[in-house]
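Worksheet: one structure, shown below.
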Amino acid sequence: MASSWWRWRHGCSWRPAARTPAPGAPGRQGPPAPPPAAAAAARAQISCFYLVKSLTSACLNMYSISRLHHTTSAVFCYSKPRSGEKYTDPFQLGRRYLKGLYEDIRKELLISPIELKEMSEYYFDGKGKAFRPVIVVLMARACNSHYNNSRDVQASQRSIALIAEMIHTASLVHDDVIDDASSRRGKHTVNKIWGEKKAVLAGDLILSAASIALARIGNTTVISILTQVIEDLVRGEFLQLGSKENENERFAHYLEKTFKKTASLIANSCKAVSVLGCPDPVVHEIAYQYGKNLGIAFQLIDDVLDFTSCSEQMGKPTSADLKLGLATGPVLFACQQFPEMNALIMRRFSLPGDVDRARQYVLQSDGVQQTTYLAQHYCHEAVREISKLRPSPERDALIQLSETVLTRDK
C-alpha cells in the first residue's frame with residue numbers, strides 16, 4: 001500500500017532495466033527493442049525519492065535501485081542567487097581570501113634536509129583549483145554572514161583552508177604509494193621520483209605540519225573535528241582494500257568508503273569553520289551536511305570520469321580503479337544488468353582481460369548514467385542544506401559549486 005501511494009504521489013513507474021547482451025554474446029529473442037533514443041530517455045528517468053530512501057541508508061537494495069525509474073526526465077534544479085548582488089564565479093570569489101595560500105603552506109614546511117623539503121612541497125605548486133580551500137573560505141564567510149552579517153574571514157578560519165589542503169595532499173602522497181601510481185596532476189608522483197620509502201616520510205611530514213598548524217588555532221572542538229578526518233582517511237583506505245560478496249552490502253561499503261576517503265575532509269572542514277564563526281549547532285550541522293553531500297557527489301563524478309574522460313584531461317591514467325581491483329559506482333550499477341560481473345568483482349579484475357571486459361560491461365550498461373544521477377541526488381541535498389543559510393554571495397557561490405561538481409570534466 002505504501003509503495004502504491006508513493007508511485008501515485010511521485011508519478012513513478014516500476015519497470016526492469018533493459019538486459020543488454022553481454023559483450024560478444026549472441027542477441028536474445030524477445031519483444032522488439034525500443035528505439036535507441038527512447039531507450040536513452042527511459043534510462044534518463046529515475047526516482048529521487050527512492051534514492052533518498054535507499055541509497056543513504058545502511059542497507060541498500062541494489063537490485064531495486066537499478067529498476068526504479070521516474071516517468072518524467074530527471075532535471076537537477078539549482079537555486080538562483082538571491083543575495084541581490086551581482087553573481088561572481090565561486091572560484092574567483094573564494095580565491096580572494098586565499099591569496100598566498102601555497103606560499104603560506106610552504107612556510108609551514110620550512111624544514112631540512114633540502115630533499116625532504118622538495119618532496120613535501122612538490123604538489124603545492126599553485127597549479128590546481130584549490131577546490132577544498134575555496135569551499136572552506138566560502139563556507140566561513142557564508143556562516144559569518146548568516147550569524148552576524150560579517151563579511152570577513154577570521155585568520156583561524158583561513159588556517160582551516162590551509163590545513164584541509166595539507167591533509168588532502170598528504171593523503172594523495174600516501175595513496176600513490178599504496179596504489180603504486182606513477183602520475184598525478186599531469187606529472188610524476190612523489191614515489192615515482194624519490195621512491196616509496198621517502199614518499200611515505202614526505203606524506204607523514206605534511207600531516208605533522210598540518211597538525212602543528214591545527215594546534216595553534218587553540219580550539220579543542222575544532223582540533224577534535226579535524227583529527228576525525230585523519231582517522232577516516234585511514235579507515236577509508238582499509239575499506240578500499242576489502243570487498244563484500246553480498247551486492248547490497250557491497251554498495252553500502254562503497255558509499256562508506258567514499259565518505260571516509262573523500263567527503264569527510266570537506267564535511268569536517270566546513271563544520272570547523274562554522275564552529276569558529278558561529279555558536280549555533282544548527283549552522284554547524286548545515287555546514288557539515290553540505291560538505292558531506294558535496295564531497296560524496298564529487299567522488300561519484302570522479303568515478304564516472306574514470307570511464308568517460310581521457311588521461312590527458314584527468315592528469316592521471318583512466319580505468320585506474322579497475323586496474324587496482326576497485327568496483328566503483330559505475331561498475332556496481334552495471335553489475336545489475338550484467339550479473340556475470342560478480343565473478344570479476346570478487347577476484348578484483350585480476351585475470352588477464354578482466355579490466356577490458358569490465359570496462360565494456362560498464363560502457364554498455366546504464367552504470368555511468370546511474371552514478372551521475374546519484375551524484376545529482378547528493379548535490380541536490382547539498383543545495384537544500386546550504387539554502388537554509390541567509391542569502392549572501394558566498395552562500396550562492398556554494399550553491400553554484402554543486403553544479404561545477406556535476407559538470408566538471410577532470
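Of all aspartates and glutamates in the structure, the ones whose alpha carbon falls short of 18 Å from that of residue 197, not counting any fewer than 8 places away in one chain, are 115, 118, 121, 175, 176, 179, 180. Remark: region 299-410 carries 35 Å² of accessible area per residue (probe radius 1.4 Å; ligands, DNA and RNA excluded). Annotation for region 341-388 versus region 119-179: alpha-carbon center distance of 28 Å.
Given their separation in residues at 0.36 nm each and the Cα-Cα distance between them, residue 408 and residue 125 gain 99.7 nm when the chain is fully extended.
Per residue, the accessible area of region 87-179 comes to 41 Å², computed with a 1.4 Å probe over protein heavy atoms only. Here the accessible area of region 253-410 is 52 percent carbon and sulfur, with a 1.4 angstrom probe and all protein chains present.
Ranking 275, 305, 287 by Cα position along the charge dipole of region 224-341, where only Lys, Arg, Asp and Glu carry charges on their C-beta atoms, puts 275 farthest toward the positive end.
Structure note, pairs 198/410; 192/244; 261/323; 257/292; 107/127: Cα-Cα distances above 24 angstrom occur for 198/410; 192/244.
The values are calculated or read from the model by the stated rules, or taken from the named source; none is laboratory data. Treat the numbers as computed from the prediction; the structure is a model and nothing was measured. Note: ideal-geometry Cβ built from the backbone for every residue, glycine included; neighbour counts use all protein chains shown. To get the accessible areas, we keep the full protein, side chains included, count just its heavy atoms, and leave off ligands, DNA and RNA. Shrake-Rupley method; radii C 1.70, N 1.55, O 1.52, S 1.80 Å.
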